[in-house]
Amino acid sequence: MSITLTIFTLISILLISIPTKLQPIQSSIGFSILGYIIVDYLIPKVKDSFIKRGLFGKDMSKIGRPIIPETIGIIPAITYLFLMLFFIPFLFQKEIIDSNLNLNSVFSHSKLSSYLSSLLSLESMILLGLMDDLFDIRWRHKFFLPAIASIPLLIIYNFEFNQTSILIPKFISNFFKFGKNSINLGMFYYFYMASVSIFCPNSINILAGINGLEVGQTIIIVILLLINDFYYIIGYYIENNVLAKSAFEIHQFSVCFLIPFLGISLSLFKFNKFPSKVFVGDTWCYFSGMVFAVIGISGHFAKTLMLFFLPQILNFIYSSPQLFGLIPCPRHRLPKFNEDDGLLYNSFTLYFDSENPNLNSNEIKELNKNLIPIFNFFEKIYLIKLIRNKKGEIIMSSNLTLINLTIIWFGPCNEGELCNLIMKLQFIIGFIMLILRHTLAPFIFGFDNSWSMLNRFYL
Ligand code: UD1
Ligand code: MG
């Protein structure tokens, strides 16, 4: 073991075990460092045996399409599960310790059910992801399974919180003379939360195809969520009142899940970033998506969570013509690699070309006539790239992914730079959402659990 490794391992053990007023956040940093070290140690050791077992994929955007170990996301996922199990005795102790440390240092036993059901949901998702990587499950079969994995969480939500009302903006309730500023969605709120757990994993999986992006996007979401959490945690120290305290407890719980998750993600990113030495597989996409769903649901901020998923939401909406079969969806929609200059260009979906009918196999269909004016309009506003034959018929349209759209806007790009660019854009969008959530929301809704100081300012 090298000296740095020994030092970091010691630091993590000290952080985990020394009881101070900064617990349990301090322990979660210790587990994060430990997670980083374990994943960093394991991946190089096991990656070749993944290839031997047939778990590999071709890196499509490199010369000669080299073979890379796939499904490596299982390593950080399992590491995370074990660390979170090991975390339990440090998080949940009988509330006796030192009364000066008060209850902030540990969680009450009622939170343990929420914690365990979160781990149960994550375990189910890891299994589903692994099955998908091993057996390529059809999407219509796997699509709804995350909702089933979230059932334990929804039940705990029902016992613990059962808040099914959503706030409506003041001006709307005044206009329609509702007399109250919220609507109770009842059962529908549970459908909404189940949909969040379907959406998060799947949306991460379809914003993929360039080295580093599957892990990179999750790191950005973690950072945004942590900023949001610390906003409430610091808020509590400034505004020591009951409202701030309940927000503090919820967000401290979320931090305990997120900080160790950041550790394993950063370690995985080291191997997955351009040029990738490993591929993460659908195991990672499902697992990481579920981590966010679990945090959003158990932390009672499933709506705020969606703000940080805006790029994934936009990618889903933009992709919908291909996802719902309006136009063909090839197996891979990743950008096209040009071996001559090493850059990524747009990839395209093909349509029937009446000028060259021989070049088209029977499977290639004509573009739906109703879509032509829409596509022409989208082309004018730089939302799609179209290729026409000499007769002016559309014979190709760029694949509808945010990655392709970035190439339309910023031009052909090196793979590593493209991933960095998308991550930067994702952070900027998320940060704007974060600011709007804490400034506009209290203003529009008149009330919000955002830092009460802000509320006082607006009310
Ligand atoms: C999703 C996308 C698909 C995209 C694929 C890439 C939809 C509906 N599906 O499919 O368009 O092509 O992810 O992950 O949007 N790969 C690379 N470089 C990378 C990452 C992946 O070449 O940086 C290739 C490798 O061959 C790898 C394969 O993509 O083996 C993994 O694809 P997989 O995760 O199985 O695809 P899907 O999730 O089904
Ligand atoms: Mg995938």
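The values are calculated or read from the model by the stated rules, or taken from the named source; none is laboratory data. Since we're looking at a predicted model, the values are computed, not measured. No Cβ is skipped: glycine too gets one built from the backbone with ideal geometry, and neighbour counts run over all protein chains shown.
Below are the figures for this structure:
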item: Single condition TYR237 does not satisfy, out of (1) in contact (Cβ under 8 Å) with a residue 60 or more places away in the chain; (2) of a type outside the set (A, V, I, L, M); (3) part of a helix (DSSP H, G or I); result: (1)
item: Members of region 397-431 found to be surrounded by fewer than 18 Cβ atoms within 10 Å (Cβ to Cβ), among the hydrophobic types (A, V, I, L, M, F, W, C) and either free of Cβ contacts under 8 Å to residues at least 12 places away in the same chain or not in a helix (DSSP H, G or I) (or both), listed by number; result: PHE410, ILE428
item: Answer residue from region 313-326, given it is away from ligand 2 (no atom under 16 Å from the Cβ) and not hydrophobic (A, V, I, L, M, F, W, C) and is nearest to CYS419 (Cα to Cα) among those; result: TYR318
item: Selection from region 99-116 of residues that are at pLDDT 75 or above and either surrounded by fewer than 16 Cβ atoms within 10 Å (Cβ to Cβ) or over 15 Å from PHE161 (Cα atoms) (or both); result: PHE107, SER108, HIS109, SER110, LEU112, SER113, LEU116
item: Any hit, region 150-162, residues being within 25 Å of the chain's Cα centre (by Cα), surrounded by fewer than 14 Cβ atoms within 10 Å (Cβ to Cβ) and not in a loop (DSSP other than H, G, I, E, B); result: yes
item: Test for ASN211: is it assigned by TED's automatic domain parsing to the domain that holds ILE313, in a loop (DSSP other than H, G, I, E, B) and more than 16 Å from ligand 1 (Cβ to nearest atom); result: no
item: Residue in region 215-230 that is of a type outside the set (Phe, Trp, Tyr), within 23 Å of ASP136 (Cβ to Cβ) and touching a Phe, Trp or Tyr at 6+ places or on another chain (Cβ under 9 Å) present; result: yes
item: Selection from region 275-290 of residues that are near ligand 1 (Cβ under 7 Å from one of its atoms) and of a type in the set (Phe, Trp, Tyr); result: PHE279
item: Selection count, region 263-274, where residues are polar (S, T, N, Q) and away from ligand 1 (no atom under 12 Å from the Cβ); result: 2
item: Count of region 44-72 residues which are in a helix (DSSP H, G or I) and of a type in the set (Lys, Arg); result: 3
item: Any hit, region 293-305, residues being more than 10 Å from ligand 1 (Cβ to nearest atom), modelled with pLDDT of 95 or more and either within 17 Å of ALA208 (Cβ to Cβ) or outside the structural domain of GLN163 (by TED's automatic domain parsing) (or both); result: no
item: Any hit, region 149-167, residues being within 16 Å of ligand 2 (Cβ to nearest atom), out of contact with any strand residue (DSSP E or B) (no Cβ under 6 Å at 6 or more places or on another chain) and modelled with pLDDT under 90; result: no
item: Conditions (1) within 16 Å of ligand 2 (Cβ to nearest atom); (2) in contact with a strand residue (DSSP E or B) (Cβ under 9 Å, 6 or more places away or on another chain): number failed by ASN346; result: (1)
item: Selection count where residues are over 20 Å from PHE292 (Cβ atoms) and either aliphatic (A, V, I, L, M) or outside the structural domain of LEU22 (by TED's automatic domain parsing) (or both), scope region 232-255; result: 5
item: Test: residue in region 206-217 that is among the hydrophobic types (A, V, I, L, M, F, W, C), away from ligand 2 (no atom under 16 Å from the Cβ) and buried (at least 21 other Cβ atoms within 10 Å of the Cβ); result: no
item: Of all residues in region 327-341 being under 14 Å from ARG65 (Cβ atoms) and more than 16 Å from ligand 2 (Cβ to nearest atom), the one that is surrounded by the most Cβ atoms within 10 Å (Cβ to Cβ); result: PHE337
item: Residue match in region 35-43 (condition: loosely packed, with under 11 Cβ neighbours inside 10 Å, part of a helix (DSSP H, G or I) and without any contact (Cβ under 8 Å) to a residue 24 or more places away in the chain); result: no
item: Check on PHE377, in a helix (DSSP H, G or I), surrounded by 12 or more Cβ atoms within 10 Å (Cβ to Cβ) and modelled with pLDDT of 95 or more; result: no
